[in-house]
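For reference, the structure discussed in these notes is given below.
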Amino acid sequence: MNARVSGAQPSPLPDRIAVLVSGRGSNLQAILDAIEDGSLRARIVGVFSDKPDAPALERVEPALRWSASPKAFASREAFDAALGDAIEAVRPDWVVCAGYLRILCDAFVERFRGRLLNIHPSLLPKYPGLRTHARAIADGEAEHGASVHFVITELDAGTVVAQARIPVLSGDDPDTLAGRVLRIEHPLLLAVLRLAVAGRLAEQGTTTTLDGHALFTPLLLDSAGALRAPDTDAPV
Ligand code: GAR
């Protein structure tokens, strides 16, 4: 209905999300599905990849895809500058690394700092980097999981907004564990993005804030897919 006729305030436009991917894109698909079913009020404005043949790219229409091979660039900085220019052109409110497996250079991180989120398959600060599932099993961890954090220049070291935990089972190998972690990654990422697009989440210096209050401990995903404050167990 026309807002002028009804007298209602026109609602603000949905937040614009750019997604960075390198592979399969199941996290991207979870975002797309949530937008489609109305549980995430956002718009995907571009999907960006360092792998021109990444299956994830196929999940969106060609007009939304950008990809380039880093081999075509003189340096890591030159690739990240081109990637950054392409992202900036779609004016994102949020830039989400959802299975983006290339290290971002400092200039890129600074360019998007404060609106740059990453999902990582471990309970950070444990196991930054690669092979997280194999390393958790080798160390005999009882618990493993996933984290969503703001990206800073140090790898996987930005403040963690929220985590989801699962037990490591006695028969787990890296693949079975990765599969179970992936199933909790999707609701975890969506729950954080709902806070982000609602304007409730911010990075201020080295602190993450929720509703303007510093978040000293990561939120925890419960079995119903809701985030809870770990100290009070209250849903947020
Ligand atoms: C996910 O497990 C994600 O956490 C991980 O890559 C996978 C991508 O899956 N990301 C990292 O390891 C980043 N360091 P997807 O392509 O199916 O979303």
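Taken together, the values in this text are just the output of simple stated rules run on the coordinates, not laboratory data. Everything numeric in this text was worked out from a predicted model, so none of it was measured. Quick reminder, even Gly has a Cβ in these numbers, built from the backbone with ideal geometry, and neighbours come from all protein chains shown.
Structure above, values below:
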quantity: Region 129-152, residues that are buried (at least 16 other Cβ atoms within 10 Å of the Cβ) and outside any helix (DSSP H, G or I); calculated: GLU141, HIS144, GLY145, ALA146, SER147, VAL148, HIS149, PHE150, VAL151, ILE152
quantity: Out of ILE119, ILE166, sole residue that is under 23 Å from VAL47 (Cα atoms) and either in contact with a helix residue (DSSP H, G or I) (Cβ under 7 Å, 6 or more places away or on another chain) or not in a loop (DSSP other than H, G, I, E, B) (or both); calculated: ILE119
quantity: Every pair of residues 6+ apart whose Cβ atoms lie under 9 Å, when the first sits in region 154-180 and is closer than 26 Å to GLU110 by Cβ while the second is among the aromatic types (Phe, Trp, Tyr); calculated: ASP156/TYR127; GLY158/PHE150; THR159/PHE150; VAL160/PHE150; VAL161/PHE150
quantity: Test: residue in region 155-178 that is under 25 Å from ILE35 (Cβ atoms), among the charged types (D, E, K, R) and surrounded by 14 or more Cβ atoms within 10 Å (Cβ to Cβ); calculated: no
quantity: Qualifying residue in region 224-232 (condition: assigned to a strand (DSSP E or B) and in contact with a strand residue (DSSP E or B) (Cβ under 8 Å, 6 or more places away or on another chain)); calculated: yes
quantity: In region 169-217, the residues that are more than 15 Å from the chain's Cα centre (by Cα), more than 16 Å from the ligand (Cβ to nearest atom) and among the hydrophobic types (A, V, I, L, M, F, W, C); calculated: LEU169, ALA198, LEU210, ALA214, LEU215, PHE216
